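The values are calculated or read from the model by the stated rules, or taken from the named source; none is laboratory data. In this text, all values refer to a predicted model and were calculated from it rather than measured experimentally. Here the Cβ positions follow ideal geometry from the backbone for every residue, glycine too, while neighbour counts run over all protein chains shown.
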């Protein structure tokens, strides 16, 4: 029986026709939640012109005085959720850092 060759096409776990996966382009609906360049620019322009909301100003003061937990609690009350408050705190912390750099 040793004279019969066992080709990998016929035998083993990797048997069968080798094929490449069809890589499909991502759907536009999968982009939800990501900012486009235009939206990012528009938001930065609005922030520059309008400034901060009163609750954001208070949060900035808290963050300047190293009261991060207090700022998070304050944001949770004003914004209405833990995740949103965390995101807002991170955003304003970055602004405070950039102010200190200048």
Filter pass, residue 29 being modelled with pLDDT under 90 and on the phi < 0 side of the Ramachandran plot: yes
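Listed residues 47, 31; which is under 24 Å from the mean Cα position of the chain (by Cα) and surrounded by 11 or more Cβ atoms within 10 Å (Cβ to Cβ)?
Values: 31 fails: surrounded by 11 or more Cβ atoms within 10 Å (Cβ to Cβ).
Within the list 47, 31, the selection yields 47.
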Selection count, the range 45-70, where residues are in contact with a helix residue (DSSP H, G or I) (Cβ under 6 Å, 6 or more places away or on another chain) and more than 12 Å from residue 95 (Cβ to Cβ): 3
Qualifying helices (runs of 4 or more DSSP H) (wholly inside the range 1-83; at least 2 residues being touching a residue at least 24 places away in the same chain (Cβ under 8 Å) and within 18 Å of residue 98 (Cα to Cα)): 54-64
